[in-house]
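The values are calculated or read from the model by the stated rules, or taken from the named source; none is laboratory data. These numbers were taken from a predicted model, which means no experiment stands behind them. Every residue, glycine among them, receives a Cβ derived from its backbone with ideal geometry; neighbour counts consider all protein chains shown.
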Amino acid sequence: MLQAGGWALLAIVNILFSYVQGTLNSYYIFYALLVTLWFIFSSHIFRYFINKWGWVNVKVRDVVLKVFVCILLLTVTNFVAHIIFLYLLGILEISYDLDPLNILGTLLSTFFIYFVWTLFYFIYHYFEKYNTALKYEALKNEIELNNLKSQLNPHFIFNALNSIRALIDENPAKSKDAITQLSSILRSSLVINRDKLTSFNEEIDTVRDYLDLEKIRFEERLRVSYAIDPGSKHFAVPPLMIQTLVENGIKHGISKLQQGGEISLITRVENEMLCISIRNNGQFAEKKNLDGEGLGLANTRQRLKLLYGQKASFQIYNEDDNTVLTEVILPQKI
């Protein structure tokens, strides 16, 4: 809409200016339309390379010279197209259109037009990124609150403390470890990193503490396995994302099975992408999820979308009749 509206406005201004000067005719109107289409085409090409080279995601001082050179190239190319259009329409006046002063004026005005377009384009994306950051912070606060409620709800604390109390006489050393794990989980929830991402190793430490504590409660009903790619440590992940997905697997899967089940966390690195797979026994019911269960899944999808756009993917489905598979794929950089 901005492209069409902006360049259409320029065409109208040119036609009105020609009308005021008394030089307006059908040839000039057709010429103005051709020039407008050329501006749209050339600016779309410029936009393509700006996105391809990621110029909107780097500091202005690092690309200002490159942008300046591109605007110069666009200006010269536009002038050549301008002369060709005039010639094809039979309205080229060599003495006027190729006069050095007129050429200079045309180049300067065209340069100014492309400069203004580029300025507005970068300003537009700056505010887009700013608005996205605001949305992310709002969603992050909501997720933090949901995790706090999940970790601090009375039922969770009651079960954890009862499990630890039962261990005090039977296995004092293990009960001390359990208290440390509970403390670590609560600290992770209360003092969550304020950055958008946290290191993979820190996230896995929280997951291990959480699962170790749950194993006390479920005893032999909960079996846990890990297969962590060593390259995973070089990645950063959204805080508490993996822990939320693991908790979802236990809460909506294993805890509902009388015989319990197994949850496995597997990571692998392929083509500079981190692939996280979480398998748990149970069944994923999409209808229940839509009715309000598993709000953490919706939040996870939204977080990934805001952080990575189309670069990340998330899916959860029934791998077979007794296994739910949750898969997350993250790039190394936002």
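Miscellaneous remarks
- Pairs with Cβ under 6 Å, 6+ apart, first in the stretch 309-334 and part of a loop (DSSP other than H, G, I, E, B), second surrounded by fewer than 14 Cβ atoms within 10 Å (Cβ to Cβ): Gln332/Glu272
- Residue in the stretch 46-64 that is surrounded by 12 or more Cβ atoms within 10 Å (Cβ to Cβ) and in contact with a His (Cβ under 8 Å, 6 or more places away or on another chain) present: yes
- Enumeration of residues in the stretch 68-93 that are small (Gly, Ala, Ser) and assigned to a helix (DSSP H, G or I): Ala81
- Among residues of the stretch 235-265, those that are over 20 Å from Glu319 (Cα atoms), over 22 Å from the mean Cα position of the chain (by Cα) and surrounded by 20 or more Cβ atoms within 10 Å (Cβ to Cβ), counted: 0
- Residues in the stretch 17-72 that are more than 23 Å from Leu107 (Cβ to Cβ) and at pLDDT 90 or above: Tyr48 alone.
- Take the conditions (1) closer than 23 Å to Cys70 by Cα; (2) in contact (Cβ under 8 Å) with a residue 12 or more places away in the chain; Leu33 misses just one of them, which is (1).
- Some residue of the stretch 211-222 being assigned by TED's automatic domain parsing to the domain that holds Leu325, among the acidic types (Asp, Glu) and assigned to a loop (DSSP other than H, G, I, E, B): no
- Near pairs, Cβ below 6 angstrom, 6+ apart or cross-chain, from the stretch 16-28 (assigned by TED's automatic domain parsing to the domain that holds Leu88) to any residue that is part of a loop (DSSP other than H, G, I, E, B) and at pLDDT below 75: Ser18/Leu24
- Some residue of the stretch 44-60 being touching a helix residue (DSSP H, G or I) at 6+ places or on another chain (Cβ under 8 Å), assigned by TED's automatic domain parsing to the domain that holds Phe111 and farther than 29 Å from Lys311 by Cβ: no
- Filter pass, Leu73 being in contact (Cβ under 8 Å) with a residue 24 or more places away in the chain and closer than 20 Å to Val35 by Cα: no
Yes or no, residue by residue, for (1) touching a strand residue (DSSP E or B) at 6+ places or on another chain (Cβ under 6 Å); (2) at pLDDT below 75; (3) exposed (fewer than 14 other Cβ atoms within 10 Å of the Cβ); (4) aromatic (Phe, Trp, Tyr):
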{"position": "Asn102", "(1), (2), (3), (4)": "no, no, yes, no"}
{"position": "Thr106", "(1), (2), (3), (4)": "no, no, no, no"}
{"position": "Phe115", "(1), (2), (3), (4)": "no, no, no, yes"}
{"position": "Phe122", "(1), (2), (3), (4)": "no, no, no, yes"}
{"position": "Lys135", "(1), (2), (3), (4)": "no, no, yes, no"}
{"position": "Asn141", "(1), (2), (3), (4)": "no, yes, yes, no"}
{"position": "Leu145", "(1), (2), (3), (4)": "no, yes, yes, no"}
{"position": "Ser175", "(1), (2), (3), (4)": "no, no, no, no"}
{"position": "Ala178", "(1), (2), (3), (4)": "no, no, no, no"}
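- Failed condition for Arg268, given (1) under 30 Å from the mean Cα position of the chain (by Cα); (2) assigned to a helix (DSSP H, G or I): (2)
- Cβ separations smaller than 7 Å between residues 6+ apart or across chains give no pair from the stretch 234-246 residues that are free of Cβ contacts under 8 Å to residues at least 24 places away in the same chain to residues that are of a type in the set (D, E, K, R) and not in a helix (DSSP H, G or I).
- Selection of first residues in the stretch 80-108 that are over 13 Å from Leu34 (Cβ atoms) and of second residues that are surrounded by fewer than 11 Cβ atoms within 10 Å (Cβ to Cβ), restricted to Cβ pairs under 7 Å at least 6 apart or on distinct chains, gives the following pairs, ordered by first then second residue: Asn102/Tyr96.
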